[in-house]
Each structure stands twice: as C-alpha cells, then as structure tokens.
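The values are calculated or read from the model by the stated rules, or taken from the named source; none is laboratory data. In this text, all values refer to a predicted model and were calculated from it rather than measured experimentally. Cβ atoms come from the backbone with ideal geometry, glycine included; neighbour counts cover every protein chain shown.
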Amino acid sequence: MTHTLEIQKGIRRSELKVFVKLFPVFRRYIKDRDHAKKNPDGEWNYRREINGKKAVDAFIDLGPTFIKLGQVLSARPDLLPREYIKSFERLQDNVPAAPFHMVKPILERNLGKLGEVFEEFNTTAISGASLGQVYTAKYRGKMVAVKVNRPNVENILRRDLIVIKRLLKLAKGRIENFLYISVSNVINDFDSRIYDEIDYRKEAKNSREIAANIRKRENAIIPEILDELSSKEVMVSEYIEGTKITDLEGLRKKGIDLKDLAFRLDLVFMRMLLRDHIFHADPHPGNISVTDDGRLIIYDYGMIGDLDDKTRFSLLSLYDGLVISDPDVIIDALLNLKALSPAANRGVIRRSIEIAIGGLAGRNPEDAEISELLDIANDVIFEFPFRLPRSLVLYMRMSSLLEGICMQLDPEFKFVRVLRKMLYQEGLLDELYKKQMEEYIRKSFKSIEKGLDVLPLLKRRLEAESEPTPVRESKNVPASVFLGAILISSVLFYHTRPLVSTVVAFLDLIGFVYLIIKK
C-alpha cells in the first residue's frame, strides 16, 4: 500500500513538473503551427526557430523519456513546422552516466560478482545515453564492452508515459481533431516500442541480423555479441577501438580519405535500407567509429527500421520522381507510402510540389542536398498531413542524420548523387522499372477484361436503339482502342523509361497481331 502511494505521489510530482515545462512550449507550438500553415516564410520563421530551440531545451530538462520522444518527433513533418524539425534533429542522445554504485547492483544481478566474471572492470563509463551506459572490461584475455540499463529506467518510462497521456487528454478539444489523433498515435506507437530499446535481447537479435547482411558485401564491422553474458538488462560485446566518425583531425592523422569515407558510409546505410529490408535507424556520430585501417564500426541496434517490398519500391519511386522533377510521380509515391491522404486535393498538392522544386533555383535535384529534398517533402506533408507510417519516419530520421555526418566529412558531398550512382550500378532502378512494368501490364489486361465484359451489354443497347447495320462485328474493338492507347503512351513514356516502354510496346504489337488474326 505504501509503495503504491509513493508511486502515485511520484506521478503527481512528475505531472506538475511536465505541465510547468511543457505548457508554454505547447502554447507557442500551436501558434507557430497555425502561422506556418498560413505563412510558411517571413517574419515568423525566426520566431519558430527560437521557439523550436526552447522546446528542445524543455525536453532535455525533462529527462530520458522526453529525449527519446523528441528524437521521434524530429522525423514528424506532419506534426512539426520545419524550424522545429531542425531544432529537434540536433537532440543528441548524450546524457551523463549514472554513478557506478547505482548500476553495479544491476550488473551483478545479471552477471554475478564482477570480480569473478571479469579479470578487469573499468568503473568509469565510456559513454552515457538516456536509457543505458557502457563500460569496458577484460574477459578471458580480451577487451569487451558492457552495456547496462540506467537505474530504474523502465519505471521512469512508465511513469512519464502515464503523465504524457494524461496531459494529452487535457489538450483534447483545445486542438484540432487531426492533430490530437496524430499525436495520440505517435505516443501510443512510442509506448509500444520504447521498451524494446531497454531489452538488450532484442538489440542482440537485430545486431546479428544486420551483421549477417553486412558481412556479405561491406568492409564494415559490427561488434560480436557474447550471448553467454547477455540478458535483458545487460549486453556484453567485443570491444573494438576506433576513432569517432566526426573526429576529423584524428581521422586525417591516420591517413583516412574523408571523401571516400563519406561515400562508403552512405553506401553501407543505403544498402541496408534498399537491399536488406532492415536498417539501422539511429546513425548519430556516437554510434559510428573508424578503425586505423579505415573500416567502419557501427554500434547500437536498439532503434531499427524495417521495410516491406511495397514501401521499398515506393521509396525508390519517390527518389526517381525527385530526380526527373515529376510532381505526379512524387505524389503517387507519397500516396503509396501513406504519407498523404487519398482525399487530399491532388491539384493543390501538385502545385505545392512544383513551387518547392522550383525553389531549387534551376538545379537538378540530384545536385541538391538531401536536407533540401527532405524539406520539400516535409513542407508538402505538413501542409497536407496524413498519418506517417513508422518505417517512413525512421527512414527520414536516418537520412537526415546520415547526411549531417557525410557533410562534415566532405562539404561537397551530394547524398542524392551518390544514391543515384548506387541505384544504377546495383540495378535497383531496373528492379523498380520491372516492378512498374509488371503493374502496368497487370492493370492493362484488367482493363481489357473489363472492356470485354461490357461488350454484350453494349451490343444489346445498340441493337435496341438502332437497326442492325451490315458491318462485320468485332468483339475486339474496345481492346483495339485500349492497345492503341498503350502504344501511344509507350512512345511518350520512352523518354524517361526506355527499358519499360520497349517491352510494353513489344507486348502491344503482339496484341495488335493477335487482333488482326482473330478478325
């Protein structure tokens, strides 16, 4: 009974603290959101930048749960104005480690007496994050990294989420219904997944799966997990020393080519995304190091994204639409990704995309930074919001973080240009065009079947309305007309999709020959 009362008191204290910190942030956000929709540029830009920074400061002060939640919000252009997004993107998961005497009981509860398990154990943490911290030790003659949950982290998460949900209910009726539903969805999704990040058994599984994919083709390292020492609260892996990816001077001293490093880093993560269906969604500088011989070391597999084939092809199509500056391809891809509502006004969205692409000042989109292209997508999604799928949210977060690192390594780095090169070299665009062609043919034959189905009804109606004429019947007229339309469209299509249009035109020719023979 006493324990329950203490928990309730803790929740009330937390509720008051969160309310005091977030209420002014919330009021400024609602005003900024309204002005961002009415006037995306102008004097309010500076105010939104200032208010975005104040919001980030409040989230940092409120602790681990809010830092992680802020990272999720940094990839939600449907909820936050662009200036807020920029501020939240800088929200790094870098928190001073808890004192060792507070985590030692957790370690020994899972491992036994540290002096009996390890030859050495360094009690000074080498890194601290909002949910866990890392130490080094010597195990059977080799250095290992020991990752452990922060003290009481699960209870803190549960308490904070109760408070967040209570305060969100208070906001209901004071904000537009769409915004309430969208924020509720974000909080519920966060609640269902954040506990995976403190269950190191799941992180170990993610690490093994990605390592198996990367070892097939990349010159990169993922530390091996020591299963016999790992559990839900503690994970032990091999310790591989390296230079932090953003320590440019240290990398230069080791003779590392920074331009080449940026290129290889981008390839590793883009291949994860577009080849393997599962990808590391948190490539901030603290999670990437470089060995003395230039190999990448990638840590921390708590935040993982996964893509099904449909989402992967839709992302490829979105990129393709940006490269060829085709608003209709972009809109179709955003609809397929469920980033836009099917009920949204397509004409208005098209004009918004045309204006955004025009803002690239005549440059080819492949010469733009990924941040500029994400800004285009962010602005459209903010103006015409729809619930973003989690896979797309994580993709946008990964792309933004990755570009930030690559631009530090190589100020001339062009994310989209490198991606384009990879897509062509590895046949991913051919794979996309093949998929589009299959869908095109499937829809074409479906339309032909519908045309043939309606022929008997059309024949009866014509017979009822007029005298029969001595013209030879052809059941294939609608199919002929449809195939003609395909032939014309394939000629137009050739300029951007030569492989697809050639095959479609060939199939169309076969269709015409078939019709002539049947007649």
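One table, with the values for the structure above:
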quantity	calculated
Count of residues meeting criterion [more than 30 Å from ASN149 (Cβ to Cβ) and basic (Lys, Arg)] in the stretch 284-335	2
Test: residue in the stretch 111-118 that is in contact with a Phe, Trp or Tyr (Cβ under 7 Å, 6 or more places away or on another chain), assigned to a loop (DSSP other than H, G, I, E, B) and more than 29 Å from GLN71 (Cβ to Cβ)	yes
Criterion (more than 25 Å from the chain's Cα centre (by Cα) and at pLDDT below 90) met by exactly one of ASP34, ASP78, ASP93	ASP34
Test: residue in the stretch 214-230 that is among the hydroxyl-bearing types (Ser, Thr, Tyr), crowded, with 16+ Cβ neighbours inside 10 Å, more than 27 Å from the chain's Cα centre (by Cα) and under 30 Å from MET270 (Cβ atoms)	yes
In the stretch 296-338, the residues that are of a type in the set (Val, Ile, Thr) and modelled with pLDDT under 80	VAL323, ILE324
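Residue by residue, here is whether (1) of a type in the set (Val, Ile, Thr); (2) closer than 21 Å to ALA339 by Cβ; (3) in a helix (DSSP H, G or I) holds:
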{"site": "THR65", "(1), (2), (3)": "yes, no, yes"}
{"site": "ALA75", "(1), (2), (3)": "no, yes, no"}
{"site": "LEU79", "(1), (2), (3)": "no, yes, no"}
{"site": "TYR84", "(1), (2), (3)": "no, yes, yes"}
{"site": "ALA97", "(1), (2), (3)": "no, no, no"}
{"site": "HIS101", "(1), (2), (3)": "no, no, yes"}
{"site": "GLU108", "(1), (2), (3)": "no, no, yes"}
{"site": "THR124", "(1), (2), (3)": "yes, no, no"}
{"site": "SER130", "(1), (2), (3)": "no, no, no"}
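Condition check ((1) at negative phi; (2) within 33 Å of the chain's Cα centre (by Cα); (3) in the same structural domain as LEU62 (by TED's automatic domain parsing); (4) among the small types (Gly, Ala, Ser)) across all residues:
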| site | (1), (2), (3), (4) |
| --- | --- |
| LYS86 | yes, yes, yes, no |
| PRO99 | yes, no, no, no |
| LYS142 | yes, no, no, no |
| VAL146 | yes, yes, no, no |
| ARG159 | yes, yes, yes, no |
